[in-house]
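The values are calculated or read from the model by the stated rules, or taken from the named source; none is laboratory data. Just so you know, these numbers come straight off a predicted model, no measurement behind them. When we count neighbours, we look across all protein chains shown, and the Cβ atoms used for this are built from the backbone with ideal geometry, even at glycine.
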Amino acid sequence: MNSGTSNLVINEELREIIMTRTFDAPRELVYRVWTDVQYIPRWWGPREYKTVVEKNDVQPGGLWRFIQYDPKSNEFAFNGEYRLVEPPEKLVYTFDYEGNPGHIIVETVTFEEKDGQTIVTSIDRFQTMDDLHGMLEAGMEKGATDSYERLTELLREVQRVR
Amino acid sequence: MNVYSAIADPTRRKILELLAERGPLPAAAIARQFQISPPAVSQHLKTLREANLVVVEKRAQQRIYSINTGAMHDLEVWAGRMAQLWKQRFDAIDEILAAEKQKTAVGTSPEAASPE
């Protein structure tokens, strides 16, 4: 459980992927970085993309909309709705890619404090397997490769959910 | 799609890794790499075959197994992409947290600011 290592788990039946990471910081601060518009553009998108927060209304029923710009200024917009907001412990929100709308993911994030560190667990849950495939086909084909090396790497990352 | 449950098993992941590293192998050669019985290995190979993760080719008396890279593709793309995105996010958050803690440390007592 070292700080700095992440862990990926795939659960097929629930159509979930689960990521965990331990941060060496108090929970209030991690939660603030997660939800405050001042910080979101600095971590939410891929490094080489620019992220603009159009709105982020962190309360139950509140909407969010983020826009990403790739280096060629192509625009990718995402939006969703906060379903559960329990600062600084838990967030549940929906996630929809506007380039291929309707394949909604529900993302649940929990913040757990332990010995001054914070364990963040993010669960991405697809509504259906079709949604998962829709997401794949949504033009984010970056990194598509069948190299054995990457495959081996992936297999090491994937773990069974108990 | 049962690809995900097929690779959830550690032995089956090892079989795939072995095939990824060494290329096509006869069933007997695969079985030799494991402590479990050859029939148990066969059962795992059957599961992988049904999930379309490996393909089998009969050559004389041998059954040669190899990875079906096509079927691995979806899973690889999805899981790889998500893992990569989350890792990037977490790394970026780490940096922000370090910077914020630095800021907080300035102006507080040396005791509070000292590293553990």
Within segment B:23-33, does at least one residue satisfy the condition of being surrounded by 16 or more Cβ atoms within 10 Å (Cβ to Cβ) and within 10 Å of chain A (Cβ to nearest Cβ)?
no
Within segment A:5-34, how many residues are within 7 Å of another protein chain (Cβ to nearest Cβ) and modelled with pLDDT under 65?
4
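One line per residue, one yes/no per condition, for (1) in contact (Cβ under 8 Å) with a residue 60 or more places away in the chain; (2) surrounded by 18 or more Cβ atoms within 10 Å (Cβ to Cβ); (3) of a type in the set (Val, Ile, Thr):
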position: A:ILE18; (1), (2), (3): yes, yes, yes
position: A:ARG21; (1), (2), (3): yes, yes, no
position: A:TYR31; (1), (2), (3): yes, yes, no
position: A:GLY45; (1), (2), (3): no, yes, no
position: A:SER73; (1), (2), (3): no, no, no
position: A:LYS90; (1), (2), (3): no, no, no
position: A:TYR97; (1), (2), (3): no, yes, no
position: A:THR118; (1), (2), (3): yes, yes, yes
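Given the criteria outside any strand (DSSP E or B) and at pLDDT 80 or above, does B:ALA6 qualify? Break it down stepwise before answering.
On the way: outside any strand (DSSP E or B): yes; at pLDDT 80 or above: no.
Here the answer is no, as B:ALA6 does not meet what is asked.
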Which residues, taken from segment A:40-54, are more than 13 Å from A:ILE67 (Cβ to Cβ) and among the aromatic types (Phe, Trp, Tyr)?
A:TRP43
Picking from B:LYS101, B:LYS87, B:LYS14, B:LYS58, the residue that is out of contact with any His (no Cβ under 6 Å at 6 or more places or on another chain), more than 14 Å from chain A (Cβ to nearest Cβ) and at pLDDT 80 or above would be B:LYS58
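Condition check: basic (Lys, Arg) and within 19 Å of the chain's Cα centre (by Cα). Does B:ARG32 satisfy that?
So B:ARG32 fails the test.
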When B:ILE64 is run through (1) in contact with a His (Cβ under 7 Å, 6 or more places away or on another chain); (2) more than 26 Å from A:ILE17 (Cα to Cα), the failure sits at (1)
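Filter segment B:44-61 for residues that are loosely packed, with under 14 Cβ neighbours inside 10 Å and not small (Gly, Ala, Ser) and give the result.
B:LYS46, B:GLU50, B:GLU57, B:LYS58, B:ARG59, B:GLN61 - these are the residues of segment B:44-61 that are loosely packed, with under 14 Cβ neighbours inside 10 Å and not small (Gly, Ala, Ser).
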